[in-house]
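J.: This is the structure I have questions about; it appears just below.
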Number of protein chains: 2
Amino acid sequence: MSRISTEAPITTLINVFTVRPERQRALIDLLGRATEEAMRHLPGFVSANIHASTDGTKVTNYAQWRSAEDFHAMLGDPAAREHMELAAELAERYEPHLYTVESVHQR
Amino acid sequence: MSRISTEAPITTLINVFTVRPERQRALIDLLGRATEEAMRHLPGFVSANIHASTDGTKVTNYAQWRSAEDFHAMLGDPAAREHMELAAELAERYEPHLYTVESVHQR
């Protein structure tokens, strides 16, 4: 279980992949493997949460890193890079952005 | 604090707004007010989590609803609709998708 909070001093990556529906499952599996084999072991990794859109056209990774510096260091890691290139090939496009959590509202 | 889990039987809405940087703060405030005044009181609302991209160009709402039916019923609520129209006016575009959580990975 991952937690979203305005109090944790973390950096959030929301990466929206646009994908052909017939490739959605393969992309989900690849991102899961990339996380387990590479990202998860890198300094500052907090969590990755892989989501499948119900219309089949998107896969979104909601990921948390200790800091933007840790996230940027990951981009230079050879194993992480190799997985990201495979994901980029499966997707039509991807739009990663770093975020801060501004507000959390509960029922 | 909100929770992301593969075990909770909920529907996740990830809505990415593209915004001019000078309007990012106004959009964040509007979405927060919309949630507190309208969405939060509707049947099936679980959480809304408003994120600001550090480059100023995006605002992303990571929201959780009990079911897709509850989310779709919200779209027909007059107060919710009024707030969504104001948000649409502030943003250049917005791309809402409903998702399932496929996997959660921790350090």
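The values are calculated or read from the model by the stated rules, or taken from the named source; none is laboratory data. This is a predicted model, so every value here is computed, not measured. Note: ideal-geometry Cβ built from the backbone for every residue, glycine included; neighbour counts use all protein chains shown.
J.: Output the residues belonging to segment B:46-66 that are more than 7 Å from every other protein chain (Cβ to nearest Cβ) and touching a Leu at 6+ places or on another chain (Cβ under 8 Å).
T.: B:Val59, B:Asn61, B:Ala63, B:Gln64, B:Trp65
J.: Right, A:Val104: of a type in the set (A, V, I, L, M, F, W, C) and at the interface with chain B (Cβ under 9 Å from one of its Cβ atoms) or not?
T.: yes
J.: Tell me the residue from B:Thr18, B:Thr12, B:Thr100, B:Thr60 that is within 30 Å of A:His41 (Cβ to Cβ) and either surrounded by fewer than 21 Cβ atoms within 10 Å (Cβ to Cβ) or modelled with pLDDT under 95 (or both), please.
T.: So the residue among B:Thr18, B:Thr12, B:Thr100, B:Thr60 that is within 30 Å of A:His41 (Cβ to Cβ) and either surrounded by fewer than 21 Cβ atoms within 10 Å (Cβ to Cβ) or modelled with pLDDT under 95 (or both) is B:Thr100.
J.: If you don't mind, there's one more thing I want to ask. Here is a list: B:Ser53, B:Ser67. Which entry is of a type in the set (Ser, Thr, Tyr) and over 22 Å from A:Ile14 (Cα atoms)?
T.: The conditions single out B:Ser67.
J.: Where in segment B:23-107 are there helices (runs of 4 or more DSSP H), lying fully within it, with 1 or more residues that are of a type in the set (Asp, Glu) and free of Cβ contacts under 8 Å to residues at least 12 places away in the same chain?
T.: Answer list for segment B:23-107: B:24-37, B:78-90.
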